[in-house]
Ligand code: FES
Ligand code: FES
């Protein structure tokens with residue numbers, strides 16, 4: 001089926017098999033490999049993208065479901081060579097180690113801070129309920145979100 005949607009602010013038109021997940025569609029057809037395949041079961045959050053600004057697990061959606069919608073991956077956050085303040089905060093606070101969970105963590109952070117620019121630690125933990133990290137122990141990720149909130153406020 002032919003689908004048309006916005007990807008990182010750009011119009012995209014592509015053929016999507018009706019049974020293909022959004023995750024496989026983005027990775028295999030559009031070569032957006034920042035969207036990671038972890039569990040492929042909706043449990044780890046590494047495949048998170050923003051759908052109309054809200055975090056969703058792309059392994060649980062079909063590509064055809066995004067027809068007419070707006071999708072953001074981490075490529076849509078930075079402008080030219082400039083990191084988004086959230087990316088900058090993750091770098092400064094060592095909010096990642098292997099980096100496999102990081103695109104999903106950063107997109108979840110973006111959705112959180114768009115809705116709640118001044119989150120408490122509890123708010124951050126709730127926002128990350130669907131995103132697993134096997135490396136950091138989460139403390140540095142929480143520090144990254146707090147720093148990002150400060151940077152954005154400036
Ligand atoms: S790969 Fe989608 S939630 Fe794990
Ligand atoms: S940094 Fe390795 S899984 Fe999170």
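Each value in this text was obtained by applying a stated rule to the coordinates, not by laboratory testing. Since we're looking at a predicted model, the values are computed, not measured. Backbone-built Cβ (ideal geometry, glycine too); neighbour counts: all protein chains shown.
Observations
- Order of 40, 118 - criterion: other Cβ atoms within 10 Å of each residue's Cβ, fewest first: 118, 40
- With a Förster radius of 25 Å applied to the C-beta separation of residue 151 and residue 54, the computed FRET efficiency comes to 0.65.
- Entry note: region 80-154 has Rg to Rh equal to 0.92, where both radii use alpha-carbon atoms and Rh is the Kirkwood radius.
- Residue among 27, 134, 57 with the largest mean-square fluctuation in a Gaussian network model of the chain, springs linking Cα atoms under 10 Å: 134
- From least to most packed, judged by other beta carbons within 10 angstrom and beginning with the fewest, 12, 56 follow the order 12, 56.
- The orientation-averaged shadow of the Cα convex hull for the chain, equal to a quarter of the hull surface, comes to 8.6 nm².
- Normalising the average separation of contacting C-alpha pairs (under 8 angstrom, six or more residues apart) by the number of residues puts the relative contact order of region 85-153 at 56 percent.
- Relative contact order computed over the chain (Cα-Cα under 8 Å; 6+ residues apart), in percent: 24 percent
- The listed peptides 100-107, 78-85, 66-73, ordered by packing as a protection proxy, come out as 100-107, 66-73, 78-85 (highest mean of other Cβ atoms within 10 Å first).
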